[in-house]
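The values are calculated or read from the model by the stated rules, or taken from the named source; none is laboratory data. Only a predicted model underlies this, so the values are computations on that prediction, with no experimental measurement involved. Methodologically, a virtual Cβ is constructed for each residue, glycine included, from the backbone with ideal geometry; neighbour enumeration extends over all protein chains shown. When the accessible area is computed, the model is the full protein with side chains, heavy atoms only, and any ligands, DNA or RNA have been set aside. Shrake-Rupley method; radii C 1.70, N 1.55, O 1.52, S 1.80 Å.
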Amino acid sequence: MRCWIVIPIKAPQACKTRLSSALGDSERQSLVATMLHQTVSAARAVAGRDRVLLLGPSRHGLAEDTPLLADPGQGLNAALASARDAAIVQDVHRLICLSADLPTIEPGDVAALLDVPRDAIALAPDRAGTGTNALSLPLPAAAPFRFRYGECSSDAHRAEAARLGLPFLCLERPGLALDIDEPEDIARWQQD
Ligand SMILES: Nc1nc2c(ncn2[C@@H]2O[C@H](COP(=O)(O)OP(=O)(O)OP(=O)(O)O)[C@@H](O)[C@H]2O)c(=O)[nH]1
Ligand SMILES: O=C(O)[C@H](O)COP(=O)(O)O
């Protein structure tokens with residue numbers, strides 16, 4: 001099965017601005033780099049280098065041969081829709097959208113996102129169960145899927161699967177649930 005693992009990420013200085021109250025710019029950018037590298041390594045271990053693509057304006061210091069998809073600049077949902085359209089053109093059969101702020105993600109988590117029944121959509125929620133940390137979409141079945149990142153995106157994405165008549169699976173795994181959004185999340189991560 002041909003898959004793409006797409007990791008959307010903003011420009012280095014624009015990432016994780018909600019951490020600005022707790023971290024200086026260089027500490028924040030170093031944390032962003034650490035989390036991105038963890039995510040990219042886990043994804044590459046499962047899918048190989050060519051199948052792991054960044055989506056955004058920068059490679060964040062990763063090697064020049066790291067595939068990079070352009071971001072149309074209209075927010076996360078538009079960026080992912082454009083990645084999804086590019087994947088369909090390349091005959092990709094499963095698209096994984098992986099947040100870049102998962103510091104404890106492991107290859108087994110990525111494998112679980114790939115190992116879902118044909119034509120099913122899988123979603124990994126955040127710890128609160130309301131946000132979306134990862135999405136696994138079958139293509140071309142999910143061509144009309146509308147990305148609904150934002151408030152209560154987990155329910156909104158579940159509703160999209162129902163609208164398209166596709167089976168839906170919720171993947172609850174610690175490595176996919178811990179995302180770093182607010183300073184409290186850093187403390188929680190360090191306690192675990
Ligand atoms: N390419 C791209 N990635 C985005 C965009 N908005 C968010 N992301 C990425 O999507 C993932 C989830 O976003 P958030 O958790 O809100 O991260 P963030 O936007 O860096 O966080 P804050 O600045 O604190 O709001 C992160 O990997 C972000 O870098 C966007 O407009 N374009
Ligand atoms: O839909 C979501 O989960 C958010 O847009 C992105 O997640 P976060 O800001 O809670 O990480």
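Restricting to region 16-29, name every residue that is more than 19 Å from the chain's Cα centre (by Cα) and more than 10 Å from ligand 1 (Cβ to nearest atom).
S21, A22, L23, G24, D25, S26, E27
Any residue that is open to solvent by 30 Å² or more (accessible area, probe 1.4 Å), within 13 Å of ligand 1 (Cβ to nearest atom), in contact (Cβ under 8 Å) with a residue 24 or more places away in the chain and within 25 Å of G108 (Cα to Cα) - is there at least one of those in region 70-90?
no
Answer yes or no: is there a residue in region 3-15 that is open to solvent by less than 80 Å² (accessible area, probe 1.4 Å), of a type outside the set (G, A, S) and more than 14 Å from ligand 1 (Cβ to nearest atom).
Taking every residue of region 3-15 in turn, at least one turns out to be open to solvent by less than 80 Å² (accessible area, probe 1.4 Å), of a type outside the set (G, A, S) and more than 14 Å from ligand 1 (Cβ to nearest atom).
Is one or more of the residues making up region 122-143 more than 19 Å from V6 (Cβ to Cβ) and among the acidic types (D, E)?
no
Within the group D109, D179, D126, D85, which residue is over 14 Å from the mean Cα position of the chain (by Cα) and modelled with pLDDT of 95 or more?
Testing whether each residue is over 14 Å from the mean Cα position of the chain (by Cα) and modelled with pLDDT of 95 or more leaves just D85.
Checking T39 against (1) touching a Gly at 6+ places or on another chain (Cβ under 9 Å); (2) assigned to a helix (DSSP H, G or I), which test does it fail?
With (1) touching a Gly at 6+ places or on another chain (Cβ under 9 Å); (2) assigned to a helix (DSSP H, G or I) applied to T39, the lone miss is (1).
In region 99-150, which residues are among the hydroxyl-bearing types (S, T, Y), more than 15 Å from F168 (Cβ to Cβ) and within 14 Å of ligand 2 (Cβ to nearest atom)?
If the condition is that a residue be among the hydroxyl-bearing types (S, T, Y), more than 15 Å from F168 (Cβ to Cβ) and within 14 Å of ligand 2 (Cβ to nearest atom), then S99, T130, Y149 are the ones that fit.
Got a sec? Which of R118, R148 is within 14 Å of ligand 1 (Cβ to nearest atom), out of contact with any Leu (no Cβ under 9 Å at 6 or more places or on another chain) and not aromatic (F, W, Y)?
Going through R118, R148 in turn, the sole match is R148.
More than 26 Å from S41 (Cα to Cα), among the charged types (D, E, K, R), within 12 Å of ligand 2 (Cβ to nearest atom) and open to solvent by 10 Å² or more (accessible area, probe 1.4 Å): does that describe D155?
Yes.
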